[in-house]
Amino acid sequence: MSATTQPNSPSLHAHPHACAALAEALFNDPFYQAVTIDHAANTVRRLQVLAHYCALAMDEARAVGDVQVADPHGAALWITPHAPAADKAQYSAQRTRSLRQLLGPLGFDHYQRICAAMEAQVPADLHSAWYLSILGVHTAARGHGLAQRLLAPTLAKADQAGASCFLETFNPLSVPFYSRLGFTRSVECVEPITGSTYWLLVRGAAVLGR
């Protein structure tokens, strides 16, 4: 796919290094391997596609959620319930159209089927919760507390709003990290397309003193 036919993304131009860091961080994740399977034979191209995927997710999060960026090392992308439903539907449809063009036929099919299967596992009480869609820090920048600093501002906003938060992770090593941040409710699931285990982690609404 040439640069002239790629779906446009303002975030790819505004934060190219952060998007590249997200791509590097997510490269071996089973979900992202499955959705970029059409580009599996070309590592450089696959990283480019992943960076563009993350940029599209950042565009959507800026419109209907919250974004924290630590250029050039990584970012945290959230979807929150504040935006009107019509806006959410509009940006979701726009992102889906772009991903159909970006991922390729098999990758886009995986994307739709995996997202549908994972969404079906989300309990009803979380439908109005704040959702951490992507968190990633470049390998070279890890070990200095950056991931926690990326999450702290939005978690503080969620606490002020009395909102629950949730996320999904395919990395068992990240479960203790999220647990330390208050994601103490855990549901172990199996994603049927990849056959991979993942964890749905929930952080309950804070009870703030008066």
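Just so you know, all these numbers are worked out from the coordinates, no wet-lab data involved. Treat the numbers as computed from the prediction; the structure is a model and nothing was measured. Every residue, glycine among them, receives a Cβ derived from its backbone with ideal geometry; neighbour counts consider all protein chains shown.
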Q: Take the alpha carbon gyration tensor of the chain, find the square roots of its eigenvalues, order them as a ≥ b ≥ c, and report rounded if a/c is under 1.5; if not, report prolate when a/b exceeds b/c, else oblate.
A: rounded
Q) Full extension from residue 184 to residue 93: what is 0.36 nm times the residue separation minus their Cα-Cα distance, to one decimal in nm? A) 29.5 nm
Q | 3J(HN,Hα) from dihedral phi, the range 166-183, Karplus parametrisation 6.51/-1.76/1.60, rounded to Hz, x for glycine, proline | A | 8, 7, 10, 9, 8, 9, x, 5, 7, 4, x, 4, 5, 4, 5, 8, x, 7
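With only Lys, Arg, Asp and Glu charged, each at its Cβ (+1 for the first two, -1 for the last two), find how big the charge dipole of the chain is about the Cα centre; round to the nearest 20 debye.
On the way: 15 positive and 15 negative charges, 56 e Å.
Result for the chain is approximately 260 debye, rounded to the nearest 20.
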Q.
Using alpha carbons only, how many angstrom separate the centre of the range 161-180 from the centre of the range 1-71?
A. 22
Q) Taking the Cα centre of the range 99-194 as origin and charging only Cβ (+1 Lys, Arg; -1 Asp, Glu), how large is the dipole, in debye to the nearest 20? A) 340
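What shape does the range 18-124 have by the C-alpha gyration tensor, where a ≥ b ≥ c are the square roots of the eigenvalues, rounded means a/c under 1.5, and otherwise prolate means a/b greater than b/c and oblate the rest?
oblate
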(Q) If packing is taken as the average number of other Cβ atoms within 10 Å across a peptide's residues, how do 35-47, 59-71 rank, most packed first? (A) 59-71, 35-47
Q. Hey, if you put +1 on the Cβ of every Lys and Arg and -1 on every Asp and Glu Cβ in the chain, which of 22, 122, 163 ends up farthest toward the positive end of that dipole?
A. 163
